[in-house]
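This report refers to the structure that appears directly beneath it.
The values are calculated or read from the model by the stated rules, or taken from the named source; none is laboratory data. None of these values were measured; they are calculated from a predicted model. Note that we place each Cβ from the backbone using ideal geometry, even for glycine, and neighbour counts take in every protein chain shown. The accessibility values were calculated without ligands, DNA or RNA, using every heavy atom of the protein model including side chains. Shrake-Rupley method; radii C 1.70, N 1.55, O 1.52, S 1.80 Å.
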Amino acid sequence: MIHVVRYESPEALAEHVAARFASFLTDEPAARMALPTGATPEPVYAGIVEAVRAGVTSFRRAHVFLLDEFGGVPPDAKGRCDVMLHRALLDHVDVTPQHYHRLDPEAEDLAAMCAAYDASMKPALDLMMLGIGRNGHVGMNEPGTSPESATRRVELAPSTTQASVRYFGEGAALPTWGVTIGLSAILAARTIWILATGESKADIVRDVLLDPVSTTRPASLLRGHPDCWFFVDAAAAAKLPVGVLSRG
Ligand code: GLP
């Protein structure tokens, strides 16, 4: 079951999702969660940082898993997911360093690193937070990915490589591959939150929610999950009929 919740603006979405996250973490202080990067979650992370600074909630007992990571670019490049998550969230909250799990594309044995990552998420994460790519990817699970896919190395769709210029900057080397949590761990999570803002996401939001479920749009597979929440702002929801929405 997928619940679609619409907010008037990206600011309103960020405020509500951050507050919802703070209550979730306060209720389940030892929760294990995967967190995404990209532009969409950044204002949500700003709200979470505020809540932690105000003492409303704490990450001390929580476990944070990085959702995906770009390979073939320097580990300290500003567009690396680990670097982005530190900048937006981890550097400003009280996550216990040993409780932060990152995907390492430089690992000598990449397959072993991925298998260990999958094992450490078993039996299932409590919360999977996601963004969505314009082609319907979640994490770096590009169109065509099997719902049984594990954590692994993936080749990026050319459009995903192109889109990453906004993280790495004009003129920087752009990644053509990455490592990502697979769809099997995403679909196994107890709760999934997926975020989409802005008019550039309106077409994919409509397709994912209204077209038949298909691996050609990996995010559509989330519709079969028992507790999935799709948070959208007015611009991203612009092509949805009113019937599928709840007001945030
Ligand atoms: C990237 C990431 C995804 C992210 C998506 C949307 O390629 N691999 O995890 O959710 O694209 O990013 P943004 O929020 O910047 O639009």
Of these, Asp227, Asp203, which one is away from the ligand (no atom under 16 Å from the Cβ), over 16 Å from Ser9 (Cβ atoms) and modelled with pLDDT of 95 or more?
-> Asp227
Report, ordered by the first and then the second residue, all pairs with beta carbons closer than 6 Å, sequence separation of six or more or different chains, a first member in the range 173-187 that is farther than 16 Å from Cys81 by Cβ, and a second member that is open to solvent by less than 40 Å² (accessible area, probe 1.4 Å) and within 11 Å of the ligand (Cβ to nearest atom).
-> Leu183/Asn141
Specify which of the listed residues (Val49, Val56) is open to solvent by less than 30 Å² (accessible area, probe 1.4 Å), touching a helix residue (DSSP H, G or I) at 6+ places or on another chain (Cβ under 6 Å) and farther than 22 Å from Leu187 by Cβ.
-> Val49
Considering each of Val49, Val56, Val44, Val17 in turn, give the residue that is within 19 Å of the chain's Cα centre (by Cα) and more than 16 Å from the ligand (Cβ to nearest atom).
-> Val49
Could you list, in sequence order, all residues of the range 96-138 that are more than 13 Å from the ligand (Cβ to nearest atom) and closer than 29 Å to Ala236 by Cβ?
-> Arg102, Met121, Ala124, Leu125, Asp126, Leu127
Pair list, Cβ under 6 Å, 6 or more apart: the range 106-134 residue over 19 Å from Thr37 (Cβ atoms), other residue within 16 Å of the ligand (Cβ to nearest atom) and outside any strand (DSSP E or B) = Asp118/Thr151; Ala124/Ala189
Of all residues in the range 25-36, how many are open to solvent by 10 Å² or more (accessible area, probe 1.4 Å) and either within 16 Å of the ligand (Cβ to nearest atom) or modelled with pLDDT under 95 (or both)?
-> 0
Among the residues of the range 99-111, which ones are more than 21 Å from Ile132 (Cβ to Cβ) and in a loop (DSSP other than H, G, I, E, B)?
-> Arg102, Asp104, Pro105, Glu106, Ala107, Glu108, Asp109
Taking into account only those residues within the range 140-150 that are open to solvent by 10 Å² or more (accessible area, probe 1.4 Å) and closer than 20 Å to Arg190 by Cα, which is farthest from the ligand (Cβ to nearest atom)?
-> Glu148
Is it true that Gly72 is open to solvent by 50 Å² or more (accessible area, probe 1.4 Å), out of contact with any helix residue (DSSP H, G or I) (no Cβ under 9 Å at 6 or more places or on another chain) and within 15 Å of the ligand (Cβ to nearest atom)?
-> yes
Of (1) away from the ligand (no atom under 11 Å from the Cβ); (2) surrounded by fewer than 18 Cβ atoms within 10 Å (Cβ to Cβ), Ala39 satisfies all except one. Which?
-> (1)
